[in-house]
1. Taking only segment 60-97 into account, find how many residues are of a type in the set (D, E, K, R), touching a residue at least 12 places away in the same chain (Cβ under 8 Å) and in a helix (DSSP H, G or I).
2. So how many residues does segment 60-97 have that are under 21 Å from Ala22 (Cβ atoms) and open to solvent by 100 Å² or more (accessible area, probe 1.4 Å)?
3. Tell me, which residue of segment 14-25 that is in a helix (DSSP H, G or I) and under 10 Å from the mean Cα position of the chain (by Cα) is nearest to Arg61 (Cα to Cα)?
4. Going through segment 14-24 one residue at a time, which ones are at pLDDT below 95 and open to solvent by 50 Å² or more (accessible area, probe 1.4 Å)?
Amino acid sequence: VLKVFKLLHRTRQEVFKNDIRALEAARLKINEEFRNNRDETSEEKINELLKIASDVEVILRTSVIQAVHTDSDKIVLIPRKDLLQDNTPYLDKPTKK
């Protein structure tokens, strides 16, 4: 449980870097969810909650992109290096494998 808790907080710090409001909101939500379930004794329920926490961590790490307002009508996206992927060129005629 502690391992997933720490992993969520590390991911939060990376995903919301330099965004104080988002960092604090995510910290409060993570702590609240773990605190609300700290008295859980059912192994099945604990495993289910750990699975949900792990899924949330993966979604945060792979799907969240920071955006910054630069002008009243412009937003700049700031993707992390682990979100960037190599571009696959388009082929008119797919090759057979």
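1. 2
2. Matching residues across segment 60-97 total 6.
3. Only one residue fits best here, namely Val15.
4. Within segment 14-24, Glu14, Lys17, Asn18, Asp19, Ile20, Arg21 qualify.
This table checks each residue for (1) open to solvent by less than 90 Å² (accessible area, probe 1.4 Å); (2) touching a strand residue (DSSP E or B) at 6+ places or on another chain (Cβ under 7 Å); (3) free of Cβ contacts under 8 Å to residues at least 24 places away in the same chain; (4) not in a helix (DSSP H, G or I).
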| residue | (1), (2), (3), (4) |
| --- | --- |
| Leu7 | yes, no, no, no |
| Asn31 | yes, no, yes, no |
| Arg35 | no, no, yes, no |
| Ile46 | yes, no, no, no |
| Val58 | yes, no, yes, no |
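The values are calculated or read from the model by the stated rules, or taken from the named source; none is laboratory data. Because the structure is a prediction, the values reported are computed rather than measured. Cβ atoms come from the backbone with ideal geometry, glycine included; neighbour counts cover every protein chain shown. Note: accessible area is taken over every heavy atom of the protein model, side chains too, but ligands, DNA and RNA are not part of it. Shrake-Rupley method; radii C 1.70, N 1.55, O 1.52, S 1.80 Å.
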